[in-house]
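Worksheet: the structure to be examined is printed underneath.
The values are calculated or read from the model by the stated rules, or taken from the named source; none is laboratory data. Quick caveat, the model's predicted, so the values are computed rather than measured. Note that each Cβ is placed from the backbone with ideal geometry, even for glycine, and that neighbours are counted across all protein chains shown.
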Amino acid sequence: MLYFERWKIVLIALVTLAGVLYTAPNFLPKAMLEGVPSYLPHKQVNLGLDLRGGSYLLLEVDTATVNRDRLQAQMNDVRRVLRDKQILYTGLGVSGDAVTVRITKPEDVPAAVKAIEGLASTLAANLLSGGLPQRDISVTSTGNLISVKNTDAAILARAQSAIQQSMEIVRRRIDELGTTEPVIQQQGADRILVQVPGLDDPSRLKALLGQTAKLNFRLVDTTTTAQQALATHTIPAGSEVLYMTEDPKQPLLVQRRVMVGGDSLTDAQPGFDQRSGEPIVSFRFDSTGGRLFGEVTRENVGKPFAIVLDNKVISAPVIREAIMGGSGQISGNFSVQQANDLAILLRAGALPAPLNVLEERTVGASLGADSIRAGLLASIIGALAVIVFMVASYGLFGVFANIALVVNVVLILGVLSLLQATLTLPGIAGIILTIGTAVDANVLIYERIREELRAGKTPIAALDAGYNRAMAPIIDANVTHFISAAVLFELGSGPVRGFAVTLAIGVITSVFTAVTVNRLIVSTWVRRARPKTIQL
């Protein structure tokens, strides 16, 4: 058990060296790291919000909007299928949580129900549905009145989908700001926790995340003016009054029909107009969007074309000629930052539902620095206490255990740097706990060796039996620790996850250093010193 093959010694040395190389950048100033060659490790551990300072937001996904949008889409689908079947109807609209329509001829009701039922799709089976697939809508008829409702399973599935999609889009928008390691997690049924270390301007973050960013292009209704429609309360069918984003916010009569949707955008970049020098946003469509955009502009030359973002008109330029290249630009008296933020929103995509800010706060960098100092002080005190205890209890073998402990801490920091994990204050607590428990395996081994020595075995036999007999309880104890860390990571929120990450890494490195590094040190000492007795 004390014999090591050469390849094992080389492997242990390489792992330890890699830990040193990946840990070293954390103790170097950033100016020095810029001169480090690219083939050498130069990444530092990312500090969390509580250590580095930054912005904190708690957002709520407005799932009710998702349901309303879905009902509007279903209303359009019902209109389409009834027209395709040439079934006459009246009173099509949204009433409460259902789409209702009245069929003109009673004999057409069965055909209408069958056509509308054809719009249903099957939801994936899950535990909540008892493992059985379910349909997303239910269609009922009372006389000649047909009602279309979303099933509970469909409402739940769309809400969960909206939350997951919102989290991904929030991540894209924050990544565009150039920040590192934001924490974006779901909390409860409809809330999203956002922590952005290093960003001390929560107002800009809130503005960036608070916009749904649903962009679309619509034609302006020129049959009358918005002022006349508002004065007479007679808005033409198929149109609505929206307001310009520019001050003063003038009303504009815009057709409800979306000619080209923002989901066809593939890129958006801020820039400057070559003629006026004002900030603009250039955009590009995919092949389908480019074709539609070209057709719309070709067929409506001379007409105003409204660019609508979140039900507000950014601008309404007149189409001078057909735009067939699949690209264009948006202008609207933007500042440079506004143009940049709009480009970020368009590139990241539209949120499926508005996000309401429930809580916001800023953590100052000075508070983070105080937390780091307190964490380092606690780590040093804990490490010194463990070192003194091991030397006092086991003498030279305590020194061996302390050397393995130092390697253990180096490997933890190296793994955190390699994985670019985020170190939080609870994460530091996890490292301190690891320092305190890392020597547990050595204590088990040494106590086993003492038992063997008391039984009269020779030093070599006692050492060999001690490591052999202690292996099983060491593995069992650390497997249970790792399972606990995995459960904490899976079910916990941000601070708990930070603790779980360092605890899990510490469990793995502790087993490596206690069972392998410590044993290699003892083996090397035995071969060189050839002790007749062991003082343990």
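Side notes on the structure shown:
- Test: residue in segment 19-28 that is in contact (Cβ under 8 Å) with a residue 24 or more places away in the chain and out of contact with any Ser or Thr (no Cβ under 9 Å at 6 or more places or on another chain): yes
- In segment 253-283, the residue that is surrounded by the fewest Cβ atoms within 10 Å (Cβ to Cβ) out of those that are part of a strand (DSSP E or B), of a type in the set (A, V, I, L, M) and touching a helix residue (DSSP H, G or I) at 6+ places or on another chain (Cβ under 7 Å) is Leu265.
- When the test is whether a residue is more than 31 Å from the chain's Cα centre (by Cα) and under 26 Å from Gln72 (Cβ atoms), Leu242 passes it.
- A search for C-beta distances below 7 Å between a residue of segment 63-82 that is within 22 Å of Gln164 (Cα to Cα) and any residue that is part of a helix (DSSP H, G or I), counting only pairs 6+ apart in sequence or on different chains, returns Thr63/Ala159; Thr63/Ala162; Val66/Arg158; Val66/Ala159; Val66/Ala162; Asn67/Ile155; Arg70/Arg158.
- When every residue of segment 295-304 is checked against the conditions, none turns out to be under 39 Å from the mean Cα position of the chain (by Cα) and assigned to a strand (DSSP E or B).
- Candidates Thr16, Thr63 - the one that is β-branched (Val, Ile, Thr) and not assigned by TED's automatic domain parsing to the domain that holds Thr502: Thr63
- Here Gly498 meets the list (1) in contact (Cβ under 8 Å) with a residue 12 or more places away in the chain; (2) out of contact with any Gly (no Cβ under 6 Å at 6 or more places or on another chain); (3) part of a helix (DSSP H, G or I) almost entirely, failing just condition (2).
- Restricting segment 308-349 to residues that are under 28 Å from the mean Cα position of the chain (by Cα), assigned to a loop (DSSP other than H, G, I, E, B) and under 24 Å from Leu253 (Cβ atoms), the residue that is modelled with the highest pLDDT is Asn311.
- Val443 vs. criteria among the hydrophobic types (A, V, I, L, M, F, W, C), under 18 Å from Leu405 (Cα atoms) and buried (at least 24 other Cβ atoms within 10 Å of the Cβ): no
Per-residue answers, yes or no, for (1) in contact with a Ser or Thr (Cβ under 7 Å, 6 or more places away or on another chain); (2) in a strand (DSSP E or B); (3) surrounded by fewer than 17 Cβ atoms within 10 Å (Cβ to Cβ); (4) on the phi > 0 side of the Ramachandran plot:
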residue: Val194; (1), (2), (3), (4): no, yes, no, no
residue: Ser203; (1), (2), (3), (4): no, no, yes, no
residue: Arg218; (1), (2), (3), (4): no, yes, no, no
residue: Ala229; (1), (2), (3), (4): no, no, no, no
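- Where Ser366 falls short, out of the listed (1) surrounded by fewer than 13 Cβ atoms within 10 Å (Cβ to Cβ); (2) among the hydroxyl-bearing types (Ser, Thr, Tyr); (3) modelled with pLDDT of 80 or more: (3)
- Among the residues of segment 517-536, those that are of a type in the set (A, V, I, L, M, F, W, C) and within 53 Å of the chain's Cα centre (by Cα) comprise Val517, Leu520, Ile521, Val522, Trp525, Val526, Leu536.
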